[in-house]
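Here's the structure, in structure tokens; my notes come after.
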Amino acid sequence: MIIIMKMGAPREEIDAVMRKVEDEGYKTHPIFGVERTVIGVIGDDREKRPGPFERMPGVERVERVLRPFKLASREFHPHDTVIQLNGHAIGGEQVIVMAGPCAVESRDQMTEVAHAVKEAGATVLRGGAFKPRTSPYSFQGLGEYGLKLLKEAGQAASLPVVTEVLSTRDMPLVREYADILQIGTRNMQNFALLTAAGQTGRPVLLKRGMSNTIEELLMAAEYILAEGNGRIMLCERGIRTFEKYTRFTLDLNAVPLLKQLSHLPVVVDPSQATGKWDLVAPMSKAAVASGADGLIIEVHPNPSDALSDANQQIKPDTFAQLMQDLRVLAPAVGRTI
Ligand code: PEP
Ligand code: MN
């Protein structure tokens, strides 16, 4: 349920409504807009009575949000969420590009890639230190040492960093290093992890589960929002289909659809989705054309030697060329890079 306050309703009236909502056992999530305040009422889904709130001073109307996701919905928050990060606005006019290797492997690798992607115009450095591998015998990431190398390279190139957190156990450590916490496809419905990420208040890159629906992705975002953290990017990274030539099938329908259903910024990962380095550039362009607010792209100085995802990482030169092409394409869809 959302309570829409009258235009210019004074603070005392807003506070009185919030107190009453909380007295009834619900959580309040106010949005203080320029013109008016909207109060999200969240809690147990059983019968809520709009009546008592409707009659309070300053209240214009009370509406039920019919979709199962509430705080993530456009109804609750009609304007686009814009996440401020190191002078960049994610979800604004600029398309944010996060780039870097699948996994942090060494200091030299990170230094080289960080400077290369920065020079090409990337705004965030990526790199996994805790890797969710299908086989327990595959490279699992460098752990805390990897986080240190990532942060160090990010600082040297003046780039904020995004890295995956695999479990609630690692959260206190990862949050010390990550400017953006990545929740991977295999953890999209790890509800304890979503709640923990919500509690950090850090921006979260939430990847769609490879077998999850768009609605389930939005419900996962709802867990983070319910902790009071609205700084979420939804990430389409490919879903499982019968097609075998690509690793996953990039569901670009999800981009405009998520933008309709939700106010949260949408990011596309063409690297995991295709699994093929030579499909990354075309699908990055398609993602921007479809309205994505950001891209996350795997770039490695020497992809054939990569310790994970060797087939899908692109070289710094290929990345630089892609960025040039995107600079031409973006204005056609009203964006900058
Ligand atoms: C990754 O970004 O390297 C990764 C493992 O992503 P996903 O969770 O989408 O597979
Ligand atoms: Mn990867």
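Report yes if Gln272 is away from ligand 1 (no atom under 13 Å from the Cβ) and open to solvent by 10 Å² or more (accessible area, probe 1.4 Å), otherwise no. In short, no.
Asp325 meets the conditions (1) surrounded by fewer than 18 Cβ atoms within 10 Å (Cβ to Cβ); (2) of a type outside the set (A, V, I, L, M); (3) within 16 Å of ligand 1 (Cβ to nearest atom) in every case but one. The failed one is (3). Taking the criterion of being touching a strand residue (DSSP E or B) at 6+ places or on another chain (Cβ under 8 Å) and in contact (Cβ under 8 Å) with a residue 60 or more places away in the chain, the residues of the range 93-105 that qualify are Glu93, Gln94, Val95, Ile96, Val97, Met98, Ala99, Gly100, Pro101, Cys102, Ala103. Kindly indicate the residue of the range 75-105 that is small (Gly, Ala, Ser) and under 19 Å from Asp317 (Cβ atoms) and also nearest to ligand 1 (Cβ to nearest atom) among those meeting that condition. The residue in question is Gly100.
Being without any contact (Cβ under 8 Å) to a residue 24 or more places away in the chain and surrounded by fewer than 19 Cβ atoms within 10 Å (Cβ to Cβ): is that true of Asn253 here? Yes; evaluated as a whole, the condition is true for this residue. With respect to the conditions (1) within 16 Å of ligand 1 (Cβ to nearest atom); (2) open to solvent by 30 Å² or more (accessible area, probe 1.4 Å); (3) of a type in the set (Lys, Arg), Arg237 lacks only one, and its number is (2).
Determine whether the range 106-118 contains at least one residue that is touching a residue at least 24 places away in the same chain (Cβ under 8 Å), assigned to a loop (DSSP other than H, G, I, E, B) and either within 15 Å of ligand 1 (Cβ to nearest atom) or open to solvent by 10 Å² or more (accessible area, probe 1.4 Å) (or both). So far as the range 106-118 goes, yes, one or more of its residues are touching a residue at least 24 places away in the same chain (Cβ under 8 Å), assigned to a loop (DSSP other than H, G, I, E, B) and either within 15 Å of ligand 1 (Cβ to nearest atom) or open to solvent by 10 Å² or more (accessible area, probe 1.4 Å) (or both). Apart from one condition, Gln109 fits all of (1) within 16 Å of ligand 2 (Cβ to nearest atom); (2) within 26 Å of Asn229 (Cα to Cα); the exception is (2). Among the residues of the range 119-135, those that are more than 16 Å from ligand 1 (Cβ to nearest atom) and either open to solvent by less than 40 Å² (accessible area, probe 1.4 Å) or not assigned by TED's automatic domain parsing to the domain that holds Ala153 (or both) comprise Ala120, Gly121, Thr123.
For the range 207-219, the set of residues classified as within 12 Å of the chain's Cα centre (by Cα) and either charged (D, E, K, R) or within 13 Å of ligand 1 (Cβ to nearest atom) (or both) consists of Lys207, Arg208, Leu217, listed by residue number. Of all the listed residues (Gly128, Gly143, Gly121, Gly154), the sole one being away from ligand 2 (no atom under 14 Å from the Cβ) and over 30 Å from Val328 (Cα atoms) is Gly143. Condition (residue is assigned to a helix (DSSP H, G or I) and more than 14 Å from ligand 2 (Cβ to nearest atom)) applied to the range 231-253: is it met by at least one residue? No, the range 231-253 contains no residue that is assigned to a helix (DSSP H, G or I) and more than 14 Å from ligand 2 (Cβ to nearest atom).
The values are calculated or read from the model by the stated rules, or taken from the named source; none is laboratory data. Remember, it's a predicted structure, so these values are computed and weren't measured experimentally. When we count neighbours, we look across all protein chains shown, and the Cβ atoms used for this are built from the backbone with ideal geometry, even at glycine. Heavy atoms of the whole protein, side chains included, go into the accessibility calculation; ligands, DNA and RNA do not. Shrake-Rupley method; radii C 1.70, N 1.55, O 1.52, S 1.80 Å.
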